[in-house]
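A quick write-up on the structure given underneath.
The values are calculated or read from the model by the stated rules, or taken from the named source; none is laboratory data. A quick note: this is a predicted structure, and the numbers were derived from the prediction, not measured. FYI the Cβ positions are ideal-geometry reconstructions off the backbone, even for glycines, and counts take in every protein chain you see. All accessible areas refer to the heavy atoms of the entire protein, side chains included, with ligands and DNA or RNA removed. Shrake-Rupley method; radii C 1.70, N 1.55, O 1.52, S 1.80 Å.
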Amino acid sequence: MAFTSQSLIFRAPASLPSGRLAAPFAVRIALRGRGAAFPSVAAASTSMASSDGDEKKETKLWGGRFEEGVTDAVERFTESISYDWQLYKYDIMGSKAHASMLACQGLITAGDRDIIVEGLDQIERLIQEGKFEWRKDREDVHMNIEAALIERVGEPAKKLHTARSRNDQIVTDLRLWCRDAIDKILIRIKQLQVSLVTLASKYVDLIVPGYTHLQRAQPVLLPHLLLSYVEQLERDAGRLVNCRERVNFCPLGACALAGTGLPIDRFQTAKDLKFTAPMKNSIDAVSDRDFVLEFLAANSIAAVHLSRIGEEWALWASEEFGFLTPSDKVSTGSSIMPQKKNPDPMELVRGKSARVVGDLMTVLTLCKGLPQAYNRDLQEDKEPLFDSVKAILGMLEVCTEFAQNISFNSKRIQSSLPAGYLDATTLADYLVKKGVPFRTSHEIVGRSVALCVSKNCQLAELQLDDLKAVHPVFEADVYEYLGVENAVNKFISYGSTGSNQVKKQLEDWRIQLGISS
């Protein structure tokens, strides 16, 4: 969203060399704001009015004791309307609930309430249609809407701020916004989980090398690997659900910090806004941002999980691995190398995780030195929050599309399986079943692998006499444990990569996610 009052305008020289871009031209560089994560509304085209110039400035709604207005520099530095306009829906929602409560308590008349609510409805329609004038000299979303309401309906609007402060108003808006944001992220998480389970179902029997330390370790079924991502995402969803429970308490009525001497009903307001209950301590209600920190932390953990998916899939799409091929729909090319096909979306998922983690660090640092109660520093919590949500929604969406547009190269993967002695641990299990202590088994298999290295062969290719030369406990049934297929089939523990276990895991996830077989 570009606001002309928020921009530096650079103009080209009056003359340019022949054939170059004709002058004049303008390049606008936004000073504030990173764009709206959601809601996506026509407000993106809404104009931003500037108060710069010689015209007389509007008196602030808080300006009763002041004889002079703030300077243009202070006004530019302190405004937040360039990004907190995104809260308009929640600001109007909270104002309607507040007006209803005031009327029920006899602090305003039912007629005033109806006038206020109708005026707010009109303003909301104007915003959605992109016709509302956001004014920088009105500082923020709250003052813009309140001032516009006063202009529209007159004296009744001046009663709306009874028993309310911008301090409790903003944190109420923010909690409502977070509640909806969490719901949107949860939907995207489930979409990615469905895509991963669907992808896993296409490759039920495909064995791939499992890695530790980026070195070949043991054979695993591809669905087992893909379901590991699904499990991580489920925990991400759980953290967000738990965070939502703590978000869902109402600060409205805490006022500036101490509450009010007027007979308000905070329980009614909380109920009308579908909060669990009002917050118990008015100072805590306006001063703490732990719900933002918790939300950003949950997003950061999810972003790290997505980054690990991005890293693995970018590696697997490389020529060195060749395990995975993304379709053209989710790939990009090179501006100079015509042969290139790059998994750029996954690289950007990896990259954007850095800004999500950075958003958390920003707000942690912001909050660490603040005394109780409200401080203006807290205005700076919104841009990182909005940015984090926008980034994580995008990351989840593109991971989902990538999962829907990739194929695994079964022949390439199968041809790579002999390397790395992936069945070595299964061979150790064989010896344990023969009564050999595991540490001794480990040493015996290590010597068997060394023999394979000297003979340039696989464990399954050793003759029984070769194995008996290493240790006499080996018998002919050892070959039922050698080779990646046999090794995978020998896994039986709960949650393992054994075929029966993985099929059970897949079926459980299909049921949980509502995927038809």
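Residue ranking by accessible heavy-atom surface, 1.4 Å probe, largest first, among T497, T365 comes out as T365, T497.
Take the Kirkwood radius over Cα pairs of the chain, plug it into Stokes-Einstein at 10 °C and 1.306 mPa s, and you get 58 µm²/s for translational diffusion. Ligands, DNA and RNA excluded, the heavy atoms of Y211 present near 70 Å² of accessible surface to a 1.4 Å solvent probe. With viscosity set to 1.306 mPa s at 10 °C, what whole-number translational diffusion coefficient in µm²/s follows for the stretch 167-300 from Stokes-Einstein and a Kirkwood radius over Cα pairs? The diffusion coefficient I find is 90 µm²/s. Using the 1.4 Å probe convention, the accessible area of the stretch 353-506 works out to 49 Å² per residue with neighbouring protein chains retained. Over the chain, dividing the summed -39,500 (n - 2.57) contributions of all DSSP H runs of at least 4 residues by the number of residues returns a 222 nm mean residue ellipticity of -17500 deg cm²/dmol. Measure nothing but the geometry: give the 0 to 90° angle between the long axis through the Cα atoms of 438-455 and the longest principal axis through the Cα atoms of the chain, rounded to 10°. It is inclined by approximately 70 degrees.
Carbon-plus-sulfur accessible fraction, the stretch 384-468 (probe radius 1.4 Å, protein heavy atoms only): 52%. Across the protein chains, with a 1.4 Å probe defining accessible surface, the residues R239, R164 rank R239, R164 from largest area downward.
Rolling a 1.4 angstrom probe over the stretch 135-175 with all protein chains present gives an accessible area of which 44% lies on carbon and sulfur atoms.
Counting only lysines at least 8 places from K490 when in the same chain, those with an alpha carbon closer than 20 Å to its own are K433, K434, K503, K504. Once the Cα atoms are used to define both axes, helix 424-433 deviates from the longest principal axis of the chain by about 70 degrees. Per residue, the average separation of C-alpha pairs within less than 8 Å and at least 6 apart gives the stretch 272-431 a relative contact order of 31 percent.
When only alpha carbons are used to place a centre, the stretch 384-409 and the stretch 158-217 end up 10 Å from one another. Rounded to the nearest 20, the Cβ-based charge dipole of the stretch 122-237 about its Cα centre (Lys and Arg +1, Asp and Glu -1) stands at 40 debye.
Taking all protein chains into account, the per residue accessible area for the stretch 58-213 stands at 40 Å² (1.4 Å probe). Between the helical axis of 166-201 and the dominant principal axis of the chain, each derived from Cα atoms, what acute angle in degrees is found, rounded to the nearest 10? Roughly 30 degrees between the two axes. Packing, as the average of other Cβ atoms within 10 Å across residues, places the peptides 93-101, 288-296, 194-202 in the order 93-101, 288-296, 194-202, highest first. Among 439-452, 167-180, 249-262, 217-230, the peptide with the highest mean count of other Cβ atoms within 10 Å heads the list, and the full ranking is 167-180, 217-230, 249-262, 439-452. FRET efficiency for the M337 to I492 pair, using the beta carbon distance and R₀ = 45 Å, is estimated at 0.40.
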